[in-house]
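Below you'll find the structure, written out as structure tokens, and then a few comments.
Computed from the coordinates by the stated procedures, all read-outs in this text should not be read as laboratory data. Predicted, not measured: the structure shown is a model, and the values here were computed from it. Using ideal geometry, Cβ is built from the backbone for each residue, glycine included, and neighbour counts are taken over all protein chains shown.
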Amino acid sequence: MKDALCIQLGDLFSATSGAETLSLQEFNRHNLWLDENTSLVRDSYPEFGVDCVFIRVASEKNLTCRLELTGGYRIACCAAGGWFLRTDDSDLPLYWIPQTPVLRTLDTHLRILAEQDAQLNAISADSNLLSTSISLLAGQVLDLTLWRFQSDPETWASELDDLFPIETQSHFTYASHSAYTKPADIYRHLIHGLVYETAWAWPKRKKICDELDAYALYLISAGLRLTSGKRIYRLFMRQLAASVIARQQPDGGWRHGEWTEKMEEHLRLSCGGLHLLAAAVEEEGSPALNEALRRGVAHLARQTDQISSGSWLLHDSLEQSESDLSLGPFSWVSSRVLGKSPSNMLVLNTHLDGTIVLDRARQVLGEKAHDGLIASAQKASRAVLTARPAEWLYNLIYRAVALTLLPEEQARALPAPVRLIKRLTWKYLYPQLNRFKTALPRFVMPNGFIERDLALGSFSHAYQSVNIWDLVRFRHRFGGDYLGPIIDLAARHTQLCGMRAFWKQGKGQHALGFWTEALYHLCLQDSRAEYRAWLAEAMFDVTDAGLGLPPSTLGACAEVIAPAAQQPTPSPIDPRIRIANLSRGGQIEFLIINTGQEALPLSLLNLPHGIIWNSKRDGVLEGRSWALGVN
């Protein structure tokens, strides 16, 4: 016989037992218990008369949970995803359930071990009561998210049900490598007040919390708020910021446990949280946001190693010692090359991103606590990026490596001796690359390939696009004439050597998302037409792959475009039209593609006046073609 529990949904928004509260700008988060089985995270927006509750029911026994709502409610589909709970009584609120209730199994660190959509045993509705029940097995938790719109419910219903086409177009999430396609997709990530990856993380096959995905969702929400003018996206942004703060540890950092039971911290993911907090501080600020950012960058500043040329920001907390690093899933070379500690793997992308976010925090907080570290990290970056030892040797090695990154049709067409070299390279040379790189330390290779690290026993071609993205952002923040040739050579190698086609065949397909993001940032810095042509091709690639455009293409990335200089992205009338918003300040620039096969009208909602298009047919965009519009 299963135990039974009944939850009155309308009562959840007034429960107060054992509440802990976080206050941001016009936002309050309460953590509380309804009973011994039911915990709540309640997000309140008193300015708008809106609340959201995350409900979690857990039991050590088999349990039947009954959910009830009085007031003559009925269920209706919502265009934003999920369902409305509506009633004809105008004095009662509107409710929105963005995702199906889910049954999950969690470990003690709240990592998700298993999950499945809950089966509703029965749904009944009469003139007063809407109810259903869900069965849980011992050890499972039931998660449900419920929004309540108390004030002006029909306006909020319109925001969620009357969507611009751009609001249901796909966008790439950084860490999960999955596509956001509608507002409800936020709640595939945002679970009981914390942001998770939607992917099952390698090698533990667990879903982990991830602040980098939180930042991607924040940028998407910021861009859609800018283009639609809807308040709901502001609510999402505050909720995402609160969810990042909720997971911040007393030392200012975050823990992830992707690789080990030691719950190691992956600092690239933590940097995502810091970028989000920096954007939120710049957008509206509050004591809680400022303090969270301040504590976070102070923690990041301690995750460093001193190399001979300056300070190096680490990739993860396992690099603090050789014994910790041995717990990870990778082989590695212990060395003191470049004066580093033996356990520092010299991972380039996290070092660059960490340096960027330290300076970004300095900018928005107006504080100079980490100026010395930022300057030292820049010196270390320049030293490793300009190192060119053993040119002839690395030229031979990476010509062979390039053979392994060809699409199948090109690889099959190679002469037999060259195919043999290709096979020997991935089978025997790949495992030894870290030994070459630590003996003769070099990141930037003669052909434009940029290595992710020097000491890890793994080769990652997909990080080529991430490295370019980070280098372009690094140049935006700090300048540096030496970076121009590096970035240009790396971009040309990626565009022209066959690597894009290799990725398109599914071998690191997510790299296309970061490649598109890198080109977007590159176009903001450089007016060359060929970069825009490459960006258009990349936009076709990511949409064809189902990944969606990366978040920054919506034009609301405050890291590179200050909020006052951001321009709304127009919404296409036909969803087959995709747009990258390259506008900044008074310079309006939109790159658009037609993903359809037939010609489509160049019809865009809220398009600024005076835009001139370079399309061959006035007012029409041919199938599978692109155009650039400028003022």
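General observations
- Some residue of the range 206-222 being surrounded by fewer than 20 Cβ atoms within 10 Å (Cβ to Cβ) and either of a type in the set (Phe, Trp, Tyr) or closer than 21 Å to Thr145 by Cα (or both): no
- Looking across the range 575-603 at every residue that is of a type in the set (A, V, I, L, M, F, W, C) and over 27 Å from the mean Cα position of the chain (by Cα), the one that is farthest from Ser228 (Cα to Cα) is identified as Ala599.
- Screening Ala565 against (1) touching a residue at least 24 places away in the same chain (Cβ under 8 Å); (2) out of contact with any Leu (no Cβ under 9 Å at 6 or more places or on another chain); (3) closer than 23 Å to Leu604 by Cα; (4) surrounded by fewer than 19 Cβ atoms within 10 Å (Cβ to Cβ) leaves a single unmet condition, (1).
- Extreme residue, farthest from Arg247 (Cα to Cα), among residues of the range 284-336 that are touching a strand residue (DSSP E or B) at 6+ places or on another chain (Cβ under 9 Å) and among the β-branched types (Val, Ile, Thr): Val333
- The helices (runs of 4 or more DSSP H) located wholly in the range 250-337 that include 2 or more residues which are of a type in the set (Lys, Arg) occupy 287-302.
- Residue pairs meeting the criteria (Cβ under 8 Å; at least 6 apart or on separate chains; first at positive phi, in the range 81-104; second surrounded by fewer than 19 Cβ atoms within 10 Å (Cβ to Cβ) and hydroxyl-bearing (Ser, Thr, Tyr)): Gly82/Thr100
- Looking at the range 387-442, the helices (runs of 4 or more DSSP H) lying wholly inside it that each contain 3 or more residues that are surrounded by fewer than 15 Cβ atoms within 10 Å (Cβ to Cβ) sit at 391-403, 408-412, 416-424.
- Residue match in the range 271-289 (condition: buried (at least 24 other Cβ atoms within 10 Å of the Cβ), over 18 Å from the mean Cα position of the chain (by Cα) and among the hydrophobic types (A, V, I, L, M, F, W, C)): yes
- The range 264-284 residues that are in contact (Cβ under 8 Å) with a residue 40 or more places away in the chain and β-branched (Val, Ile, Thr), paired with ones that are surrounded by fewer than 24 Cβ atoms within 10 Å (Cβ to Cβ) and assigned to a helix (DSSP H, G or I) (beta carbon under 6 Å, 6 or more apart): Val281/Asn290; Val281/Val364
- Considering (1) touching a Lys or Arg at 6+ places or on another chain (Cβ under 8 Å); (2) acidic (Asp, Glu); (3) closer than 30 Å to Arg234 by Cβ, the lone condition that Glu517 does not fulfil carries the number (1).
- Each residue in the range 50-90 was checked for being over 15 Å from Glu159 (Cβ atoms), of a type outside the set (S, T, N, Q) and in a loop (DSSP other than H, G, I, E, B), and 7 of them qualify.
- Scope the range 112-156; condition under 17 Å from Tyr95 (Cα atoms), buried (at least 18 other Cβ atoms within 10 Å of the Cβ) and among the aliphatic types (A, V, I, L, M); matching residues: Leu130, Leu144, Leu146
- Hey, Glu47 free of Cβ contacts under 8 Å to residues at least 40 places away in the same chain and part of a loop (DSSP other than H, G, I, E, B) or not: yes
- The residues in the range 541-561 that are surrounded by fewer than 24 Cβ atoms within 10 Å (Cβ to Cβ) and either under 19 Å from Asn631 (Cβ atoms) or more than 20 Å from the chain's Cα centre (by Cα) (or both) can be counted, and the count is 1.
- Gly480 being part of a helix (DSSP H, G or I), more than 23 Å from the chain's Cα centre (by Cα) and not hydroxyl-bearing (Ser, Thr, Tyr): no
- The set of residues in the range 13-29 that are surrounded by fewer than 20 Cβ atoms within 10 Å (Cβ to Cβ) and outside any loop (DSSP other than H, G, I, E, B) comprises Phe13, Glu20, Thr21, Leu22, Ser23, Asn28.
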